[in-house]
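Asks: Got a structure for you, written out below as C-alpha cells; questions coming shortly.
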Amino acid sequence: MKRYLTALALVLALTPLQSFAVTESPTPTPTVTESPTPTPTVTESPTPTPTVTASPNPKATPKKKATPKKKKTPKKKPGAPSPPAKWPPKGFKVMDNIYWRTPSVETMMNVAANNAALTRAIRACKKFSCGRIQVASITGCLYWEIESKVVTRNLDIPGSFLTMGMLRTLVKTSSEKQVVTAVLRSGVEYSPTVAVVPTAVVCHQDQTTEKIPSNSYISG
C-alpha cells in the first residue's frame, strides 16, 4: 500500500445556502352557462323534378408527381479539443506530490453548478458545520482519505481552540492530476464559531470495502 500523508493547518467554514419558498397561485374555475336551444320552424316546399342531361366522360390527364428534393445535411465540423488542465494547479500548496488548497465559497459554487453530488453535500452544511478542501495528485488515487479536527474557540484563553471531535472523510477515486473538491461535513450542528480543520490527507493506492464517499465523526 502506497500512501501519501500531508499535514495541513486550515480553518474552514461553509456559508449556509439560502432556501427559497415557492407559492402556487390557485387556478380559477371557469363558469359555464348553457344557452337555450331554439325550436326550428319547418315549412314544406314543393319538390322540383330534376332534369337529367348526359355529358361525355372527360379523359383524365395524368399528372406527373413532383420528386422531392433531398436536403443537404450540413457537415459537422469537429470541435476543438478541450485544453489540458494547467499543472501544477494555481494557488495550491504541495508536499510529496500531493497538492491541496482551501477553495473560496465562489469556487465551490462554480464547481457545484455542474456536480449534483457536491450540491447535495453543500446543502447539508445548512444543518452541520463543514469544511472544504481541494486535492490533487501527480499519480491517480483509488480513493482519498482526509482527517480533520472539529474545533471551537476557547473563551477562557484568547487565540486558542477546543477540540470537539475528529472527522474522517473518504472521497472518490481520481485520475492523475485531477482536482477533487470535497465537503468535510461534521456531526456538529452548524455554528459560526465551529471550524473543521484538516490535519492529514492520504492518497490511497489500494482498494477498500468502506463506503465512499462518507464522513465519519467521533465526538470528544
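Asks: Regarding segment 164-174, can at least one residue be identified that is part of a loop (DSSP other than H, G, I, E, B), in contact with a strand residue (DSSP E or B) (Cβ under 8 Å, 6 or more places away or on another chain) and open to solvent by 50 Å² or more (accessible area, probe 1.4 Å)?
Replies: yes
Asks: Provide a single number: the residues in segment 139-153 that are at pLDDT 95 or above, more than 19 Å from PRO103 (Cβ to Cβ) and of a type outside the set (D, E, K, R).
Replies: Number of matching residues: 5.
Asks: Another one. Would you check if THR139 is touching a residue at least 40 places away in the same chain (Cβ under 8 Å), crowded, with 22+ Cβ neighbours inside 10 Å and more than 18 Å from the chain's Cα centre (by Cα)?
Replies: Spelling it out, it is not the case that THR139 is touching a residue at least 40 places away in the same chain (Cβ under 8 Å), crowded, with 22+ Cβ neighbours inside 10 Å and more than 18 Å from the chain's Cα centre (by Cα).
Asks: Another question about this same structure. Report the residue count in segment 97-108 for those that are open to solvent by 60 Å² or more (accessible area, probe 1.4 Å), closer than 16 Å to SER174 by Cβ and not in a strand (DSSP E or B).
Replies: Adding up the residues that qualify gives 1.
Asks: Could you list, in sequence order, all residues of segment 187-220 that are in a loop (DSSP other than H, G, I, E, B) and within 19 Å of CYS130 (Cβ to Cβ)?
Replies: Those that are in a loop (DSSP other than H, G, I, E, B) and within 19 Å of CYS130 (Cβ to Cβ): TYR190, SER191, PRO192, THR193, LYS211, ILE212, PRO213.
Asks: Looking for something surrounded by 13 or more Cβ atoms within 10 Å (Cβ to Cβ), among the hydroxyl-bearing types (Ser, Thr, Tyr) and more than 26 Å from the chain's Cα centre (by Cα) - is there at least one such residue anywhere in segment 176-195?
Replies: No, the conditions are met nowhere in segment 176-195.
Asks: For segment 145-157, state whether one or more residues are surrounded by fewer than 20 Cβ atoms within 10 Å (Cβ to Cβ), over 20 Å from THR199 (Cβ atoms), touching a residue at least 60 places away in the same chain (Cβ under 8 Å) and not acidic (Asp, Glu).
Replies: Looking for residues that are surrounded by fewer than 20 Cβ atoms within 10 Å (Cβ to Cβ), over 20 Å from THR199 (Cβ atoms), touching a residue at least 60 places away in the same chain (Cβ under 8 Å) and not acidic (Asp, Glu), one finds none in segment 145-157, hence no.
Asks: Does segment 109-123 hold any residues that are open to solvent by 30 Å² or more (accessible area, probe 1.4 Å) and in contact (Cβ under 8 Å) with a residue 60 or more places away in the chain, and which are they?
Replies: Residues satisfying the conditions are VAL111, ASN115, ALA117, ALA121, ARG123.
The values are calculated or read from the model by the stated rules, or taken from the named source; none is laboratory data. Bear in mind that the values here come from a model prediction, so they are computed numbers and not experimental data. Methodologically, a virtual Cβ is constructed for each residue, glycine included, from the backbone with ideal geometry; neighbour enumeration extends over all protein chains shown. These accessible areas exclude ligands, DNA and RNA; they are computed on the full protein's heavy atoms, side chains included. Shrake-Rupley method; radii C 1.70, N 1.55, O 1.52, S 1.80 Å.
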